[in-house]
Amino acid sequence: MGTPNKEEYAAFEDKVKRTVYIDNLSPRVTESVLRTALNQFGTVVNIQFIPNYLVPGNIPQCALIEMETSKQAFSIVSTLAQFPFMMSGMPRPVRARHAEAEMFDDRPIKPGRKLQFRWVDPSDPDFEVAKKLKHLCRKHSAEAAFMHTQQQKKEEDLTKQQEESLKQNYKKYEMIDGLLADGTARRLSCCYNINLGDD
Amino acid sequence: MGDEADQFKWGVKTGVGQRHKAVIFYDSFTYKSVQYSLYDCAWFYNPGDVETNICKIVRLFETPTHEKKARVVWFFRPGEIRRFLGDVEPKWNELLLASGQGTGLSNVVHLEAVVAKCNVICTSKDTRNPRPSANELQRADYVFYRTFDVSKNSISEKFADEICGIKVELFFNRMKGQRSTNPPSNQAELKKPGEHFDMFSSSRIELNKCEASPSRSGPSKKMSVLKESDKGLYENPKLKGFAVESGTVSCVQVKDKSNVRPFEVSLTENAEDPRPYKKRTILLDDKGSISQKGVSTKRDIFGAEACKIIEKAGAQLVSREGLKTNKQVMEVTRRPDAERRNWFKQLPWEVKLQKAQEAGTLVLLENLDPSFASVEVEDLVYCALEEKVDAKMIQYSSFSNPLYGKAFVIFKSQSAAEKAIYELNRRYLIIADGRPVTGRRRNLRVPSKSTSFPGHLVLDKLKFQMQCEEMRNAVSTSHCSQPNTVEYDLAMQWRELQAKSDLWWNALYEFLLFIILSHADNKLQRLFFSSCFNLPIPCGTPSLQEQRKEINEVKSRLKLNRNALPLSTV
């Protein structure tokens, strides 16, 4: 058990170092989109989307991208931190950070760890404490779920607000376009004696 | 495929089909360097099934199209016929032999589906059944002494004379010393095809083994000759082990030198005794039990002994003992079939999850140590709840709480899942770091149908345009945005929101952690994090200051500071 286990874990840790975690991905992003997007930073070895089984709603995807070297992984993280990186849509940028061991579902057992457990019966003095902790666990997951809905609401609010401002912006540009097209701009420039052409 | 062809070898041809001459029957085959003979028991696996199936091979043949097949008679696990069990309480390692007529009795299977040999011992008191020895029982993977009639759905202790057209004797244990009277000069004859070939081979093993026993003095020449001629056949140590297991000599296993002597006696008798098999078998067994001090010579007591051994074997599972003594802290051991788990190509996990949800066998375990590996969860469930399950940790992502690990567990049956949930609610399963594991059913998320994604804006007019022209051969639209665009400004707003979200999640988790630790007025709880993160276990009630320190330490270990991104651009 000893050495092959350790070797396996070392290999796994190396893989973790080479892997980048990307979130805020649109559900429309596919493996090939990711691959073409990130191939500019190096060779993409493997892509795995982290499935979401529990959190409801229209939430972004997360993915693990294994690169060939940890240097490439590092360059992705730093570049995506510097520039907002758009993938399959605008303007919400994706985020990248280094992967962690807990993100892999096929992670090997940490070598040298021994698991222990015991049953606590209702007669046990620890029973009450365990009950409290269990209750806390439930409560905390409910709290986290609430936080998720709040966050989603915030995101939707921001989307709406941006949609509005984008529409306004677009209208403005369209107006300018229209004015240029129908000659109003030219007439006005003559009127105010401004040279349009050079600008 | 070439590999597979190399790994497979037929044994001796025994004949051709009566109707179709192109069907060739064999007496044995070797697959992945394990030899399987007729009337051996084996595990077969059907891809997509939850469990392997155990069966007895009753025919081996190759079809005209060179498909390698076997007719097998099934053994039922008690769980498989749960509905018909009634008040029958099966032993933990008990199987039921299929009998009667109809579907479920036997099938023709592909030999490539074979997994491994299985040691199934018959403990029936039927007079036709040679009684197994204590040693055999201990080594048995499973025992059976009842049949399940597939047409009447009834369980019986009686064995019909024929099952699936095969003499019932062939389903019972193999006779001890059978055919060992054959002089070695009969070697050619031995190779001759025959139904008893495999029985015969097991008895040869027996002789082989005794040859190897150190205290054996004055061996009969016949045997040594026999051994030599057989050497080649049994070079494979694995096979040898198997064969000896299914072979029948109890005394061979006796390690004590002094005990080996009676065995020799019986063996010589064996070889020269002209009495009928059955009688001789009993004689042999009696001798054997006499030789083993402490084992009663009486048959029925011997049977009781066998039962005890079965029970003892059951208790060998760590968990058993643990269930009785609740205060005890137990160590999770590897599941005995740990290395067997990777034998088959599994269905994709998502498909399995969906299926399990439909079948009601899906349970979500919460409050696990987040650093558990999936395999460890499987082991834990096996040791604590005595269920073999498929488990997978839920991968940590932006949506998971770093304080609590979760795992989806797929049980074998709905009742097993219900039992586990009940058990986890009735009392608490505390893992080493003091967390009580909770189990409940959770439905899988239904993927949302909406195609829009919050944060991705599309101008209505442009949408139409893009669909018409470029969208069809558009590749990927990933790019870094430049600071002189509208898009960049909007993106910055998103960055701000993302950074804020990091902050509020951190705040939440810190708060939750504080709550957990503020309950830490008890050793159990302080264990919660100390052992998990290798902190020193604090003694006595920690002061607020200590708690703060502890929180910070735990936080740094949990990597709660999610702001891995340099926020300079925000």
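The values are calculated or read from the model by the stated rules, or taken from the named source; none is laboratory data. Bear in mind the structure is a predicted one, so any value in this text is a computation, not a measurement. Here the Cβ is made from the backbone with ideal geometry for all residues, glycine too, and neighbour counts use every protein chain on show. Calculation scope for accessible area: heavy atoms of the full protein, side chains included, ligands and nucleic acids excluded. Shrake-Rupley method; radii C 1.70, N 1.55, O 1.52, S 1.80 Å.
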So how many residues does the range A:151-160 have that are out of contact with any strand residue (DSSP E or B) (no Cβ under 9 Å at 6 or more places or on another chain) and at the interface with chain B (Cβ under 8 Å from one of its Cβ atoms)?
-> 6
Just name the residue that is farthest from the other protein chains (Cβ to nearest Cβ) out of those in the range A:14-34 that are at pLDDT 90 or above and open to solvent by 60 Å² or more (accessible area, probe 1.4 Å).
-> A:D14
Here is a list of conditions, (1) facing another protein chain (nearest Cβ under 7 Å); (2) surrounded by fewer than 20 Cβ atoms within 10 Å (Cβ to Cβ), and B:A384 meets all of them except one; can you say which number that is?
-> (2)
Consider A:S88 carefully, then state whether it is of a type in the set (S, T, N, Q), at positive phi and modelled with pLDDT under 85.
-> yes
Of the criteria (1) in a loop (DSSP other than H, G, I, E, B); (2) under 30 Å from B:P348 (Cβ atoms); (3) among the small types (G, A, S), which one B:S124 fails | (2)
Residues of the range B:35-55 being part of a strand (DSSP E or B) and within 19 Å of the chain's Cα centre (by Cα), in sequence order, are B:C41, B:A42, B:W43, B:F44, B:N53, B:I54, B:C55
Restricting the range B:382-435 to residues that are of a type in the set (D, E) and outside any helix (DSSP H, G or I), the one nearest to A:C62 (Cα to Cα) turns out to be B:D390
Flagged in the range A:165-194 as acidic (D, E) and exposed (fewer than 11 other Cβ atoms within 10 Å of the Cβ), in numbering order, are A:D182
Does B:K406 qualify as being within 8 Å of chain A (Cβ to nearest Cβ) and open to solvent by 20 Å² or more (accessible area, probe 1.4 Å)?
-> yes
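Results for (1) within 20 Å of B:E51 (Cβ to Cβ); (2) over 20 Å from the mean Cα position of the chain (by Cα); (3) small (G, A, S), shown as yes or no for each residue.
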| site | (1), (2), (3) |
| --- | --- |
| B:E80 | yes, no, no |
| B:L95 | yes, no, no |
| B:A98 | yes, yes, yes |
| B:P132 | no, yes, no |
What is the one condition in (1) under 20 Å from the mean Cα position of the chain (by Cα); (2) at positive phi that B:G434 does not satisfy?
-> (1)
Select the strands (runs of 3 or more DSSP E) contained entirely in the range A:45-141, then report the ones holding at least 3 residues which are more than 7 Å from chain B (Cβ to nearest Cβ) and either of a type in the set (A, V, I, L, M, F, W, C) or free of Cβ contacts under 8 Å to residues at least 60 places away in the same chain (or both).
-> A:61-67
Among the listed residues B:A391, B:A356, B:A338, B:A373, which satisfies the condition of being within 12 Å of chain A (Cβ to nearest Cβ), modelled with pLDDT under 85 and under 27 Å from A:W119 (Cβ atoms)?
-> B:A338
